[in-house]
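Coordinate-derived values only; no laboratory data. What you are looking at is a predicted structure, and each value in this text was computed from that prediction instead of being measured. All Cβ positions, glycine included, derive from the backbone under ideal geometry; neighbour counts span all protein chains shown.
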Amino acid sequence: MAQGRGSAMTLGLALLLCLLIHAEIADAATYVVGDSRGWTFNTAGWTRGKRFRAGDVLVFNYSPSAHNVVAVSAAGYNGCTAPRGSRVYKSGKDRITLARGTNYFICSFAGHCQSGMKIAVTAV
């Protein structure tokens, strides 16, 4: 009889965990970087006034023949460099899920990052 209660409690905890995970995913928001302008130059100020959470999705819309999106570290962001092994997106309609903390993205086409095509998004 005690084993039955333990099994029921384990099942209940598993269901609660699933519910919490589902609630976290359901709360995720989707943001189009740069709004109607898309991923382009001078989008760094686009984050102002927005509250991002881990699990939110950023959509980068751009012409893949003219731009890309590279997930970089703070050093890559500050130096406008994409170190070997950096994740490069180039579909023109990239969907990237934010991790907790600051997420850094640049365009690695020559001169683009230096001209303001970079963004830092902090997710809580």
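General observations
- In terms of other Cβ atoms within 10 Å, Trp46, Trp39 run from fewest to most in the order Trp46, Trp39.
- Sparse-neighbour loop sites [trypsin sites (Lys or Arg not before Pro); the stretch 76-124; at most 14 other C-beta within 10 Å; DSSP]: Arg84, Lys90, Arg100
- Counting all C-alpha pairs of the stretch 28-123, share separated by more than 15 Å (%): 55 percent
- The distance between label points at Tyr31 and Phe109 comes to 2.3 nm (points 7 Å beyond Cα on the Cα→Cβ vector).
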